[in-house]
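As structure tokens, the structure follows; a few thoughts come after it.
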Amino acid sequence: MANGTRFTASELPLGHAYTGMTDAVSKPSVHKEELTVDHLVVTLVAPDKPGQVERISKCIAEHGGNWLESRMSRMAGQFAGILKVGVEAEKYDDLIKALNGLSAHGIRMLLAESVVETSDTTRLISMELVGNDRPGIVRDITRLLAGQGVNVEHLITDVSPAPMSSELLFQANAVLGVPQDLPLDDLQMALETLADDLMVELVLGAKE
């Protein structure tokens with residue numbers, strides 16, 4: 001229905017989390033009001049059926065929002081996603097109310113304001129990882145990454161039958177924010193120590 005899975009599903013309550021509005025500001029040299037645009041991050045899950053994306057996009061457009069970025073996918077009979085929405089400050093509360101009203105259609109949302117991102121001390125790395133699947137493999141990988149100060153920016157995982165075998169293969173594709181002073185060779189060797197069969201490739205720069 002949309003892009004591949006890029007996140008691990010988490011609890012998505014009906015409640016919302018957001019704070020006040022930013023007042024419109026005026027440009028001194030031009031007597032014209034400029035509207036401040038706020039950004040909202042929306043996490044959602046809903047029963048998978050035709051028209052869900054159209055219903056969400058219509059709600060956003062009708063209440064002054066601008067759909068900026070999104071990652072969505074069908075998984076285990078559910079439709080899940082995360083998106084970034086821009087909205088003028090004066091329309092912010094109305095959009096929040098309308099999005100929460102989608103719960104009447106079984107669309108559960110968690111709403112939060114976006115925050116300023118900084119990446120001066122990290123560089124983006126693409127990671128491709130393949131190995132035999134086993135319980136706890138994602139926990140072990142992410143625990144190691146966190147211990148090295150690495151931030152997971154984007155993650156897609158999958159499990160599929162191995163060719164010519166009945167075993168299952170675990171595959172992960174990720175974009176990582178790696179500290180500038182952490183050598184990639186050291187990170188790769190650390191990941192490969194998690195299992196003898198684990199193959200890891202790290203490439204400077206994020207792949208789409």
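The values are calculated or read from the model by the stated rules, or taken from the named source; none is laboratory data. Keep in mind that this is a model prediction, so the values were computed, not measured. Heads up, the Cβs are rebuilt from the backbone with ideal geometry, glycines too, and the neighbour counts pull from every protein chain shown.
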Within the stretch 58-67, can you find the residues that are surrounded by 15 or more Cβ atoms within 10 Å (Cβ to Cβ) and either modelled with pLDDT under 95 or within 22 Å of the chain's Cα centre (by Cα) (or both)?
C59, I60, G65, W67
Of all residues in the stretch 76-103, count the ones that are surrounded by 14 or more Cβ atoms within 10 Å (Cβ to Cβ), out of contact with any His (no Cβ under 9 Å at 6 or more places or on another chain) and hydrophobic (A, V, I, L, M, F, W, C).
6
Go through (1) loosely packed, with under 15 Cβ neighbours inside 10 Å; (2) in contact (Cβ under 8 Å) with a residue 40 or more places away in the chain; (3) under 24 Å from the mean Cα position of the chain (by Cα) for A146 and report which single condition fails.
(2)
Looking only at the stretch 68-97, filter to residues that are of a type in the set (A, V, I, L, M) and within 12 Å of L40 (Cβ to Cβ); which one of those is farthest from the chain's Cα centre (by Cα)?
A89
Output for Cβ contacts, cut-off 6 Å, separation at least six or different chains, first residue under 19 Å from A80 (Cβ atoms) in the stretch 91-113, second surrounded by fewer than 13 Cβ atoms within 10 Å (Cβ to Cβ) and small (G, A, S), reads A112/A17
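Would you pick out the residues in the stretch 125-143 that are in contact (Cβ under 8 Å) with a residue 60 or more places away in the chain and more than 20 Å from the chain's Cα centre (by Cα)? Write out each step before concluding.
Here is the first cut: in the stretch 125-143, the residues in contact (Cβ under 8 Å) with a residue 60 or more places away in the chain are 125-132, 134, 138.
V130, G131, N132, R134, listed by residue number.
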Please go through the stretch 110-127 and give me each residue that is of a type in the set (A, V, I, L, M, F, W, C) and assigned to a loop (DSSP other than H, G, I, E, B), ordered by number.
V115, V116
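Consider L155 carefully, then state whether it is more than 18 Å from the chain's Cα centre (by Cα) and under 21 Å from R71 (Cβ atoms).
Numbers: more than 18 Å from the chain's Cα centre (by Cα): no; under 21 Å from R71 (Cβ atoms): yes.
Answer is no for this residue.
So which of L198, L202, L129 ends up being surrounded by 17 or more Cβ atoms within 10 Å (Cβ to Cβ) and closer than 28 Å to Q78 by Cβ?
On the way: L198 fails: closer than 28 Å to Q78 by Cβ; L202 fails: closer than 28 Å to Q78 by Cβ.
So the residue among L198, L202, L129 that is surrounded by 17 or more Cβ atoms within 10 Å (Cβ to Cβ) and closer than 28 Å to Q78 by Cβ is L129.
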Looking across the stretch 166-195 at residues that are among the polar types (S, T, N, Q) and either under 21 Å from the mean Cα position of the chain (by Cα) or over 19 Å from D120 (Cα atoms) (or both), the single one that is surrounded by the most Cβ atoms within 10 Å (Cβ to Cβ) is N173
Matching option when the condition is touching a helix residue (DSSP H, G or I) at 6+ places or on another chain (Cβ under 9 Å) and not assigned by TED's automatic domain parsing to the domain that holds E153, among E90, E62
E62
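May I ask you to verify whether K84 is at pLDDT 95 or above, basic (K, R), in contact with a Leu (Cβ under 7 Å, 6 or more places away or on another chain) and not assigned by TED's automatic domain parsing to the domain that holds L155?
Numbers: at pLDDT 95 or above: yes; basic (K, R): yes; in contact with a Leu (Cβ under 7 Å, 6 or more places away or on another chain): yes; not assigned by TED's automatic domain parsing to the domain that holds L155: yes.
Spelling it out, K84 is indeed at pLDDT 95 or above, basic (K, R), in contact with a Leu (Cβ under 7 Å, 6 or more places away or on another chain) and not assigned by TED's automatic domain parsing to the domain that holds L155.
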Condition broken by V85, with the remaining ones in (1) in contact with a strand residue (DSSP E or B) (Cβ under 9 Å, 6 or more places away or on another chain); (2) not in a strand (DSSP E or B) satisfied:
(2)
